[in-house]
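Read through the structure below, which is laid out as structure tokens, and then see the notes.
The values are calculated or read from the model by the stated rules, or taken from the named source; none is laboratory data. Just so it is clear, the model here is predicted, and its values are computed rather than measured. FYI the Cβ positions are ideal-geometry reconstructions off the backbone, even for glycines, and counts take in every protein chain you see. Side chains are part of the model used for accessible areas, which takes the heavy atoms of the whole protein and leaves out ligands, DNA and RNA. Shrake-Rupley method; radii C 1.70, N 1.55, O 1.52, S 1.80 Å.
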Amino acid sequence: MTTTTPQPNVSALSFSRTTATAVRVLRQLRHDPRTIALMIVIPCVMLLLLRYVFDGSPRTFDAIGASLLGIFPLITMFLVTSIATLRERTSGTLERLLAMPLGKADLIAGYALAFGTVAVVQSVLATGLAVWFLGLDVTGSPWLLLLVALLDALLGTALGLFVSAFAASEFQAVQFMPAVIFPQLLLCGLFTPRSAMHPVLEAVSDVLPMSYAVDGMNEVLRHTDMTATFVRDALVVAGCALLVLGLGAATLRRRSQ
């Protein structure tokens, strides 16, 4: 006859448990300079490279720079978060943590808070570099660009936490990028207006969060004031991030099988 160890009765989301988890993750990140460089430095380097690729055509950089300002943080946060969470699970850390009075919601929220803090730094640096150093010409407020870039980074964090539950190795986590990120990248309107796509693809793009991220950036690029469309786009991106975080908490597993 086998006995099972009863799981601790953990209540709903706790602020203290969430912040404790976030502090632990940030301490781990502090000792991993390569990961910090990937999250903070790489988006800035990519924007710098893009600016001088179009050195002879600054209007082209203005046209796509704002969109990529949101896409680059989303991609980097997706990669780092999915791999970091997977490492926690494969090493048995998640199993030990969840044996304590720590719920899945606390864990997911703690990770989101920790990586969200990094996302703030990332978004501030990338937006500042693009607008004040690389001369990205935007009609609206740079603070609205920063807001969308931050929401995109948080969405990337949420997607990374979610897909990490379905990967058994770091290689598999990276393999999710073509499945989760690339279709959104192709259909978000970066390469051609979504209205010019095949009607089926346009309909698919209407339900992908990256489409609204790009639309939000373009609203700031073209309008001096905050528009109703911008508010809608920002709310959709934020809502998708919260939804995916909830799914991540529901699908979180203790160990890789």
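Between the beta carbons of ARG27 and ASP137, assuming R0 = 35 Å, the FRET efficiency works out to 0.30 to the nearest 0.05.
Peptides 157-167, 29-39, 43-53 ordered by packing proxy, namely the average of other Cβ atoms within 10 Å per residue, highest first: 157-167, 43-53, 29-39. For the chain, find the longest principal axis of its Cα atoms and tell me its angle to the long axis of helix 142-163, 0 to 90°, nearest 10. Result, in degrees: 40.
Using C-alpha pairs below 8 Å separated by at least 6 residues, the relative contact order for the range 125-257 is 38 percent. One quarter of the surface of the convex hull around the alpha-carbon atoms of the chain equals 15.6 nm², the direction-averaged projected area. Placing unit charges on the Cβ atoms only, positive for Lys and Arg and negative for Asp and Glu, gives the chain a dipole magnitude near 1000 debye about its Cα centre. Angle, helix 42-53 long axis vs. longest principal axis of the chain, Cα atoms, 0 to 90°, nearest 10? Computed tilt is about 20 degrees.
Order these peptides, 68-76, 175-183, by their mean beta-carbon neighbour count within 10 angstrom, highest first.
Ranking, from highest mean packing down: 68-76, 175-183.
You can think of it this way: the chain between ALA179 and VAL45 has 45.7 nm of extra reach, that is 0.36 nm per residue less the Cα-Cα gap. Entry comment: accessible area of the chain is 49 Å² per residue, from protein heavy atoms only and a probe of 1.4 Å. Working from label points 7 Å from Cα in the Cα-to-Cβ sense, the PHE166 to PHE15 distance is 3.5 nm. Our estimate of slack between VAL200 and THR251, defined as 0.36 nm per intervening residue step minus the Cα-Cα distance, is 15.4 nm. With angles folded into 0 to 90 degrees, how steeply does helix 170-180 sit against the dominant principal axis of the chain? Use alpha carbons for both and round to 10. Here the helix axis deviates by roughly 40 degrees.
Of GLN184, GLN28, GLN122, which has the largest mean-square fluctuation in a 10 Å C-alpha GNM of the chain? Result for the chain, Cα springs under 10 Å: GLN28 fluctuates most. Straightening the chain between MET226 and LEU38 buys 64.5 nm, computed as 0.36 nm per residue apart minus the Cα-Cα spacing.
Split the accessible area of the chain by element, probe 1.4 Å, and carbon with sulfur accounts for 67%.
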